[in-house]
Amino acid sequence: MSTEQPLCHLLGQTVRIYKNKLFTKFKENDIEITFEQFAILNLLYSGKDFTQQDLANQMQKNKSIILRQINSLLDKNYVERTRDDQDKRKKTLILTKKGISTLSQTRQLGNKVLDELFLGISENELSVFRHVLEKLMENSESHDSNCQC
């Protein structure tokens, strides 16, 4: 009988550990932001125009969940909605100066957490890990099947 943890379990646990450590760092630095909001700020910083629906699709989340996150970011003045010049019904989300500043802070904290987690892991191991994750992403885009861990 194998005592190895299934890969899906290990991936899930690793993500939870990262999220928890990151959230702790945010709290220690008086930054009131969730992991999902952090992800949204990162997407908006990419330079692409995003609507709420675009964010929901990109993050594979329900539109109403994204709406709550966006409303919280609006309340904190991290993002604002702008009207599209061609389609007045379409509202694009952009980062404010405060949002960009907060994102810069949170990214620095995120890098510190990653440095802690990657302690003792060689550059080669990280490169292989990144490659495997990229392949998993590619496979998820080309195959619409259930995870068989």
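Each reported figure results from applying straightforward, stated rules to the coordinates on display, with no laboratory input. Computed from a predicted structure; not experimentally measured. Ideal geometry is used to build each Cβ from the backbone, glycine not excepted, and the neighbour counts take in all protein chains shown.
The figures follow:
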item: Dipole of region 49-141, positive direction: furthest Cα of 127, 102, 114, with charges on the beta-carbon; result: 102
item: Residue range of the chain that is longest and free of GluC sites (Glu not before Pro) which are both DSSP loop and sparsely packed (at most 13 other C-beta within 10 Å); result: 33-149
item: Listed pairs 25/97; 91/135; 91/112; 63/88; 48/97; 19/98 exceeding 27 Å between Cα atoms; result: 91/135; 91/112
item: Residue of 75, 85, 49 that the Gaussian network model of the chain assigns the largest fluctuation, springs spanning Cα pairs under 10 Å; result: 85
item: Selection of trypsin sites (Lys or Arg not before Pro), region 66-149, meeting DSSP coil and at most 11 other Cβ within 10 Å; result: 88, 89
item: Cβ-based charge dipole, the chain, positive-most Cα from 139, 47, 64; result: 64
item: Measure of compaction for region 36-99 (Cα Rg per 2.2 N^0.38 Å); result: 1.01
item: Over region 22-149, relative contact order from alpha-carbon pairs under 8 Å, at least 6 apart, %; result: 23 percent
item: Axial C-alpha extent at least 27 Å, average Kyte-Doolittle at least -0.5 - helices from the chain (DSSP); result: 7-28
item: Residues with amide H under 5 Å from that of residue 50, placed H, sequence gap 5 or more; result: 93
